[in-house]
1. Go through 95, 20, 175 and say which Cα lies farthest out towards the positive end of the charge dipole of the chain; charges sit on Cβ, +1 for Lys and Arg, -1 for Asp and Glu.
2. When N is the residue count of segment 60-215, what does its C-alpha Rg come to as a fraction of 2.2 N^0.38 Å?
3. Please compute P(r) over all alpha-carbon pairs of segment 61-137, binned at 10 Å starting from zero, and give each bin as a whole-number percent.
4. What residue among 28, 182, 170 shows peak mean-square fluctuation when the chain is described by a Gaussian network model with Cα springs under 10 Å?
5. With N denoting the number of residues in segment 98-165, provide Rg(C-alpha) divided by 2.2 N^0.38 Å, to two decimal places.
6. Order 56, 221 by their accessible area, 1.4 angstrom probe, all chains in place, largest first.
7. Is there a quick way to get the dipole size of the chain? I mean about its Cα centre, with the Cβ of Lys and Arg at +1 and of Asp and Glu at -1; what is the value in debye to the nearest 20?
8. Once you've got the GNM for the chain with C-alpha springs shorter than 10 Å, pick whichever of 136, 159, 174 has the biggest mean-square fluctuation.
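The values are calculated or read from the model by the stated rules, or taken from the named source; none is laboratory data. Please read these numbers as outputs of a predicted model, since none were measured by experiment. With ideal geometry, Cβ positions are generated from the backbone for all residues, glycine too; neighbour counts draw on all protein chains shown. With ligands, DNA and RNA removed, areas are computed over all heavy atoms of the protein, side chains included. Shrake-Rupley method; radii C 1.70, N 1.55, O 1.52, S 1.80 Å.
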Amino acid sequence: MRVPRHIAITMDGNGRWAAARGLPRSAGHKAGLTPVRLCVEECSRLGVEALTLFAFSSENWSRPAEEVASLMSLFLEAVDREIAELHRQRVRVRFIGNRQRLSVRLQAQIAAAEQHTAGNTGLKLQVAVSYGGRWDIVQAARQLAAQCASGALRPVDIDEDRFAAALELGGLPDADLLIRTGGERRISNFLLWNIAYAELYFSDRLWPDFDRAELSAALEFLAGRERRFGLTAGQLPQAGNEAKR
Ligand code: IPE
Ligand code: IPE
Ligand code: MG
């Protein structure tokens with residue numbers, strides 16, 4: 001089976017997982033760490049180049065303050081606890097999203113984690129925290145506008161490649177596969193630009209229950225898709241063709 005270069009996952013359903021057990025929502029978020037570890041290990045093992053996980057959206061800031069606070073302390077704890085093991089697995093970790101909204105302590109911690117693993121040549125792991133697809137597009141536009149204003153760039157030189165490079169995932173291939181757990185069939189402002197040609201796999205499984213078999217099912221689904229990128233089937237070299245970019 002052809003291995004995708006870039007998998008993106010919207011890890012949804014933690015709250016419902018906890019509620020079904022009579023537990024606080026924070027217990028669901030905590031339980032969501034197990035499938036995160038599993039996906040990182042499995043993607044590393046399969047030779048997937050990049051894995052991007054949606055952990056906290058721009059809109060999630062509007063949740064009850066105590067849930068936001070418990071998620072923020074979970075992120076602090078998780079980065080602290082997992083970074084050595086990720087480094088051992090040669091994973092390069094990066095965080096995408098509006099980090100100015102994070103506490104100074106969390107900002108410092110994620111910067112340290114990124115620095116610590118920057119030289120690693122294994123899986124490229126992106127964790128989206130305080131991330132929104134629209135925010136990402138706006139921050140890219142702002143960067144390019146500033147370059148134009150300073151005279152370093154001409155508007156006519158802004159093309160899709162240059163725009164993509166200014167996005168948070170600049171330099172990574174587009175997502176081949178977007179998995180969303182938790183049963184909802186929507187994007188919820190995750191990567192907008194980078195999923196232009198992603199295959200979409202929706203799983204009814206709640207995120208804490210996501211396991212190896214479900215990841216395999218998603219990969220099999222992807223392998224069964226004919227990715228045409230706008231061409232006709234007759235133009236394609238063969239089934240299971242590779243992503244163009
Ligand atoms: C996903 O699980 C995690 C975050 C959005 C932070 P949810 O917390 O959205 O869980 P459900 O969808 O309410 O079950
Ligand atoms: C999407 O889940 C965000 C993350 C998983 C981090 P949400 O639970 O926030 O999405 P909606 O509200 O169901 O669209
Ligand atoms: Mg949800």
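1. Going by the charge dipole, the pick is 95.
2. Values: Rg = 17.3 Å, N = 156, 2.2 N^0.38 = 15.0 Å.
Relative to the rule-of-thumb radius for its length, segment 60-215 sits at 1.15.
3. Going from the shortest bin to the longest, the percentages are 18, 49, 28, 5.
4. 170
5. On the way: Rg = 15.2 Å, N = 68, 2.2 N^0.38 = 10.9 Å.
This ratio for segment 98-165 stands at 1.39.
6. Values: 56 0, 221 60 Å².
Ranked from most to least accessible, the order is 221, 56.
7. Values: 32 positive and 29 negative charges, 36 e Å.
Result for the chain is approximately 180 debye, rounded to the nearest 20.
8. In this elastic network of the chain, the residue with the biggest mean-square fluctuation among 136, 159, 174 is 159.
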